[in-house]
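Working notes, structure below.
The values are calculated or read from the model by the stated rules, or taken from the named source; none is laboratory data. None of the values given here were measured: they were computed from a predicted structure. For accessibility, only protein heavy atoms count, side chains too; no ligands or nucleic acids. Shrake-Rupley method; radii C 1.70, N 1.55, O 1.52, S 1.80 Å.
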Amino acid sequence: MTYIDGCVIAVPTRNRDAFVAHARTADALFLEFGALRVVECWGDDVPEGRQTDFRRAVQAKDGETVVFSWIEWPDKATRDAGMERMMKDPRMSPEANPMPFDGKRMIYGGFVPVLELPGR
């Protein structure tokens with residue numbers, strides 16, 4: 001069964017192109033290290049909630065857009081090995097591929113799918 005890494009971040013809206021460039025480099029490495037698929041989603045309809053919402057979760061400020069992303073892995077072992085390689089790869093150093101967002105406000109986690117329905 002697949003394993004999913006998900007994350008939500010706040011990206012300064014003016015940094016959209018820089019974010020896409022950063023993601024293109026990082027996502028290529030995820031695929032190189034065993035990921036099956038990577039999806040980056042730029043917020044389009046992210047409403048404010050009464051109790052909580054995506055914006056509050058990442059402390060998004062005016063002028064920032066919420067980004068929702070996920071990585072599909074074949075299994076947790078491949079994910080763990082791939083993430084270890086990512087952390088050590090010099091192509092992901094702050095000098096080589098600086099983050100165009102505040103990484104301290106990123107929320108992320110690993111998930112085991114419990115239901116998966118096929119599409120058409």
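For residue 16, the solvent-accessible surface with a 1.4 Å probe is about 110 Å², rounded to the nearest 10. Per residue, the accessible area of the chain comes to 68 Å² when a 1.4 Å probe rolls over the protein heavy atoms.
On the accessible surface of region 26-69, probed at 1.4 Å, how many percent belong to carbon and sulfur atoms?
On region 26-69, the fraction of accessible area on carbon and sulfur atoms equals 47 percent.
Maximal additional length on extending the residue 89-residue 41 stretch stands at 14.8 nm, based on 0.36 nm per residue less the C-alpha distance.
Straight-line reach from residue 88: taking Cα to Cα under 20 Å and skipping same-chain neighbours fewer than 8 places apart, the aspartates and glutamates in range are 5, 27, 32, 80. In percent, rounded to a whole number, the relative contact order of region 1-112 is 50, using alpha-carbon pairs under 8 Å and six or more apart.
For the residues 109, 43, 82, a GNM of the chain with alpha-carbon springs under 10 Å puts the largest fluctuation on 109.
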